[in-house]
Amino acid sequence: QAMAFRAVNSRRHIGLQQLSSLAWAGRTLLGPMKSCKFVVDESTNESVLICSAARLIESLDLTSAAGQLLNETIQAQNKEFKTGMSTLLFLVGAWSNAVLECLQQNVPVSAIISVMSEGLDSCCEKVQCLQISVHDVNKELCCSSVRPSTSESKASQIPCDSFLNNQIFLCFQKDISASEELVPGNSCSPQETDGNFNKGLVLPLARFGSEASLVRSVDDKSTSVVSVSGVSASSCKQKKLTHSRYFSTLAKSNISSQLGDSQVYLSEQSACPCDCYGLGHLAMALSHGNQCSTKLIKNIVAYQQERAERSGSSQFNIAEIATCCLPGLPENYSCVCPGFITLVSPEHVAVIKYFQDKPLWILLMDGDLTEQYRHLGFTKARNVRTVLEYPSLQEGGSGDSWLSSVLDILISLKVDLVLLKGNVCKNLMERCIANNILVIGSVAQNVLSAFGEVTGAQPVTYLTQLNASCLGNGVRVELWKGCDERAMELGELVPARIEVQGIPLLTAVLTTTVASKMQLIEDQFWTFVYRLHHALKDGKVFLGGGAVEFLCLSHSQMLAEQSLKLANKGAVKEFHSPRLAASLSEYKPVVLQALATGWNQYLSVLMCNTAKATWEFEARTLINCHLQKAADCGSPSAYVLREFRRGDMFRGGSVPFSDSGEDIKVYDNVTAKMEAWRRALDLVLLVLQTDAEIIIGPWRNQQFSSHSSGEFML
């Protein structure tokens, strides 16, 4: 075994080093206030601005096996959650370095794998106390937005932090029942000298019950005694409940009339400062400072909520959202419009004008409209010999015959509009335009589904499957001029709007004058959409700004200290072999401390990115100060909740929001964040084990692991 240790550590762990190098490139993407990167294409000298770990990994040259595994891990996180990729990428690098340090200290691979895995599981269980329900978050932020001035009487104050005080009280009870040691002296126990905190901690339920009555329920018609800047809460409520109980009404005088009475633009914001029982404040807390996307999301939810009250559908449905990127206009021109807006070539303009105010027959296709397209799973006949598979469409022959047959099918069934998921043959597109048939490719699956549900059209894979029953009717198309008349003069592509009565689809039109920023704006919008979607799906959120990771750091260090004390006291008595006792006392604290080092690096870089620290040394000093205070407190979880409530947790738990003129607390998704942690550690341990098998061989590695399994359990 000693020879195996020396063999492992005498050679370089290439995979872990590659992970560390790749992850280091994305350190500026961590946190709510990210620093964007320019990615330059050397072949075309074109640059794109990115702010996502997924985009960064896509642009890197990943020729190594470790790089490919990292790419697959990040893409899996992106596909499922659309958020948490930057956290995943950074922790991969931090824990890769931590594992390399363990290997330098001759820690066995099996000990690293078992202890780090169980250490992360223990952290995930510990941070459950930092999960806040969505309702409580929105209510607390709502109360903060209508908080009266300090000159008003205490009787009129709204208990914005009551649920946090309850959470702190429960954390104390749980930690004390778990027999955590309380250090005398500077304690943040319920007998703390801070009067306000003491009142909220000792009597959280009584305080909530007595003062919460000042905030009227939605159905309460009485006049509230709480006033904000001369406007009563009841008048605010009347403003915002014209359409729904979640969002303020959209003033009809602000609705654009450029598209007729049937088109409603949702870019105007409410004059009411408080969306009392809705998702407005939750959206701001999850936006991480993205103000433009926040306005769009608020409008989308308002429209969907109004529709949900009539039809009983979901309040927030991401399947009913599409995007259209329109470069050339300022970002404040971004808006939300019912229907499907897409960009078409100038050749389509004549066809669209020809179809103006006419109901169209629509065809939906879930594949490509090309001669060589074959669906997934297609298998060629074995007894057929192919002489020429893809003949040139320019030379006549079978290519021309295919074009003619496709065009005959479309004309015979009187198809006016074709929406397809894939690509379109260029020659076929030209012939369709000549015959007044509008063909639009690269349409998202949710858009096809939305048109299919409303029109009754059934998607087909090949035109040979098409018959009259597969078509839908009632679709209308027109040129879109919702943002500005200049939209027609912005370049080669022209925005067009496709709509049918009753379709729930909404299109967020994203605009910017910087072409290289267009992809960034779209990525940020979808990240925000899925962040809100997962928050509502989970029903709870994490405290943001590094609060959760700080509790993981504190808990990991506590586990390392406890394991060291336990090993020194009782390891010799528990194990007959002194060598096994020495192994337990030596390796487990080292591995747990390595896990904590990853959390420490995460917090340090997070503070530097948010400009809360000039360099990492200053950040680590501040982190150590908080760790000492949390240890003196006796309950680190209660300490985190208290500091987050006060806004003192690294002073990075909030981001500026210019619309409200105040800082908004940051919250994160629960499932997405914890899954990013697990995927990061799983990848590091997989590469570690693979490197070890390459260095010492799989048989010897398995043999060594069998000797050590079960000895390093927490």
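At a glance:
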| quantity | calculated |
| --- | --- |
| Members of the stretch 434-473 found to be in contact with a helix residue (DSSP H, G or I) (Cβ under 6 Å, 6 or more places away or on another chain) and small (Gly, Ala, Ser), listed by number | Gly472 |
| Pair list, Cβ under 8 Å, 6 or more apart: the stretch 1-27 residue part of a helix (DSSP H, G or I) and modelled with pLDDT of 90 or more, other residue buried (at least 20 other Cβ atoms within 10 Å of the Cβ) and among the charged types (D, E, K, R) | Gly15/Asp691; Leu16/Asp691 |
| Test result for Leu388, of a type in the set (A, V, I, L, M, F, W, C) and modelled with pLDDT under 65 | yes |
| Qualifying residue in the stretch 303-318 (condition: closer than 11 Å to Leu506 by Cβ, modelled with pLDDT of 90 or more and touching a helix residue (DSSP H, G or I) at 6+ places or on another chain (Cβ under 8 Å)) | yes |
| Selection from the stretch 276-292 of residues that are part of a helix (DSSP H, G or I) and surrounded by 23 or more Cβ atoms within 10 Å (Cβ to Cβ) | Gly280, His281, Leu282, Ala283, Met284, Ala285, Leu286, Ser287 |
| The stretch 95-106 residues that are over 18 Å from Asp682 (Cα atoms), paired with ones that are modelled with pLDDT under 95 and surrounded by fewer than 18 Cβ atoms within 10 Å (Cβ to Cβ) (beta carbon under 7 Å, 6 or more apart) | Gln104/Asn9; Asn106/Phe5; Asn106/Asn9 |
| Hits in the stretch 441-479 (condition: over 19 Å from Lys358 (Cβ atoms), open to solvent by less than 60 Å² (accessible area, probe 1.4 Å) and part of a helix (DSSP H, G or I)) | Asn446, Val447, Leu448, Ser449, Ala450, Gly452, Leu463, Cys470 |
| Hits in the stretch 534-554 (condition: at negative phi and open to solvent by 20 Å² or more (accessible area, probe 1.4 Å)) | Leu536, Lys537, Asp538, Lys540 |
| Failed condition for Gly502, given (1) open to solvent by 20 Å² or more (accessible area, probe 1.4 Å); (2) part of a helix (DSSP H, G or I) | (2) |
| Flag for Val572 being modelled with pLDDT under 95 and either surrounded by 19 or more Cβ atoms within 10 Å (Cβ to Cβ) or outside any helix (DSSP H, G or I) (or both) | no |
| The stretch 511-533: number of residues that are closer than 23 Å to Glu306 by Cβ and either open to solvent by less than 20 Å² (accessible area, probe 1.4 Å) or over 18 Å from the mean Cα position of the chain (by Cα) (or both) | 4 |
| Checking Cys337 against (1) at pLDDT 80 or above; (2) over 30 Å from Gly647 (Cα atoms); (3) open to solvent by 10 Å² or more (accessible area, probe 1.4 Å), the condition it does not meet | (3) |
| Failed item, numbered, when Gly545 is tested on (1) modelled with pLDDT of 95 or more; (2) small (Gly, Ala, Ser); (3) part of a loop (DSSP other than H, G, I, E, B) | (1) |
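The values are calculated or read from the model by the stated rules, or taken from the named source; none is laboratory data. Note that this is a predicted model, so its numbers are computed, not measured. So basically every Cβ, Gly included, is an ideal-geometry build from the backbone, and we count neighbours across all protein chains shown. In case anyone asks, the SASA skips ligands and DNA or RNA and just uses the protein heavy atoms, side chains included. Shrake-Rupley method; radii C 1.70, N 1.55, O 1.52, S 1.80 Å.
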